[in-house]
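One structure is given below, encoded as structure tokens.
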Amino acid sequence: MDAETSAPKPMWAIALIGLVAFPLSAGLYAYGPPQWSDRALNVLLAWSAIMLGFLGGIRWGLESSREAPRWQRLAGSIISPVVGFGLLVAREDIETSWIITGLMGAFIVQWLFDHSAPDVPARYPRLMTVLTLGASVSLAMALEQAMRM
């Protein structure tokens, strides 16, 4: 990795700390003691929505820092936070497996949007790939458990 495309070590450390809640909560939901299952699922779904909001905020910040922000990209930055929030609100009405699938889809669409974004730091796509992979694999583990229940 060269310095231009690699995020600084403190940025990686902070990003990975933020990622830890995904595998921990998904692992507890899928393989932990039954009494922890509901709480672990709540943490996973809430953290997913929070992170989608955070990622949307990053996109908003990158775009709004431009001299002439593009309204399409600004509007696109609110999609993933709205999807995450909407899935949490709809939790009583939609099966857990569909909620998890929706969150996974939102992370993947967010990743695709990030990779097509012009004028972002060179390190941004690599960092977002690692974070999206961590979130998506964790959600997939939870999805497998939800489909068995």
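Can you work out which of the residues in segment 114-133 that are out of contact with any Asp or Glu (no Cβ under 9 Å at 6 or more places or on another chain) and assigned to a helix (DSSP H, G or I) is surrounded by the most Cβ atoms within 10 Å (Cβ to Cβ)?
Across segment 114-133, the extreme among qualifying residues is Leu131.
For residues that are within 19 Å of Asn42 (Cα to Cα) and acidic (Asp, Glu), scanning just segment 59-95, find the one that is surrounded by the most Cβ atoms within 10 Å (Cβ to Cβ).
Within segment 59-95, the first condition is being within 19 Å of Asn42 (Cα to Cα), and the residues that meet it are 80-95.
When the remaining residues are screened for being acidic (Asp, Glu), the result is 92-93, 95.
Details: Glu92: 5, Asp93: 8, Glu95: 12.
Here the answer is Glu95.
Looking at (1) modelled with pLDDT under 95; (2) over 17 Å from the mean Cα position of the chain (by Cα), which is the one condition that is false for Glu144?
(1)
Please go through segment 96-107 and give me each residue that is aliphatic (A, V, I, L, M) and either farther than 18 Å from Gly56 by Cβ or exposed (fewer than 15 other Cβ atoms within 10 Å of the Cβ) (or both), ordered by number. Write out each step before concluding.
Within segment 96-107, the first condition is being aliphatic (A, V, I, L, M), and the residues that meet it are 99-100, 103-104, 106.
Across segment 96-107, the qualifying residues are Ile99, Ile100.
Which pairs have Cβ atoms under 7 Å, sit 6 or more apart or on different chains, and link a residue in segment 15-38 that is surrounded by fewer than 15 Cβ atoms within 10 Å (Cβ to Cβ) to one that is among the aliphatic types (A, V, I, L, M)?
If the second residue must be among the aliphatic types (A, V, I, L, M), the pairs left are Trp36/Leu28.
So, in segment 95-130, how many residues would count as being in contact with a Gly (Cβ under 8 Å, 6 or more places away or on another chain) and of a type outside the set (Phe, Trp, Tyr)?
So the first thing to find is which residues in segment 95-130 are in contact with a Gly (Cβ under 8 Å, 6 or more places away or on another chain), and the list is 103, 106, 110, 113.
In the following step, the residues that additionally are of a type outside the set (Phe, Trp, Tyr) were identified as 103, 106, 110.
The number of residues fulfilling the criteria is 3.
State all residues of segment 76-110 that are among the small types (Gly, Ala, Ser) and either touching a Phe, Trp or Tyr at 6+ places or on another chain (Cβ under 7 Å) or not in a helix (DSSP H, G or I) (or both); if no residue qualifies, say none.
Let us first name the residues in segment 76-110 that are among the small types (Gly, Ala, Ser), namely 76-77, 80, 84, 86, 90, 97, 102, 105-106.
If the condition is that a residue be among the small types (Gly, Ala, Ser) and either touching a Phe, Trp or Tyr at 6+ places or on another chain (Cβ under 7 Å) or not in a helix (DSSP H, G or I) (or both), then Gly76, Ser77 are the ones that fit.
Condition check ((1) at pLDDT below 95; (2) within 9 Å of the chain's Cα centre (by Cα)) across all residues:
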site: Ser80; (1), (2): yes, yes
site: Ala90; (1), (2): no, no
site: Thr101; (1), (2): no, no
site: Asp114; (1), (2): yes, no
site: Pro118; (1), (2): yes, no
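Let me confirm something: among Arg73, Arg66, which residue is over 12 Å from the mean Cα position of the chain (by Cα), in contact (Cβ under 8 Å) with a residue 12 or more places away in the chain and in a helix (DSSP H, G or I)?
Details: Arg66 fails: in a helix (DSSP H, G or I).
Unique residue meeting the criteria: Arg73.
Quick check on my filter: what residues within segment 25-66 are small (Gly, Ala, Ser) and closer than 19 Å to Gly84 by Cβ?
Once the filter is applied, which keeps residues that are small (Gly, Ala, Ser) and closer than 19 Å to Gly84 by Cβ, segment 25-66 yields Ser25, Ala26, Ala40, Ala46, Ser48, Ala49, Gly53, Gly56, Gly57, Gly61.
The values are calculated or read from the model by the stated rules, or taken from the named source; none is laboratory data. Since the model is a prediction, treat every value here as computed from it, not as a measurement. So basically every Cβ, Gly included, is an ideal-geometry build from the backbone, and we count neighbours across all protein chains shown.
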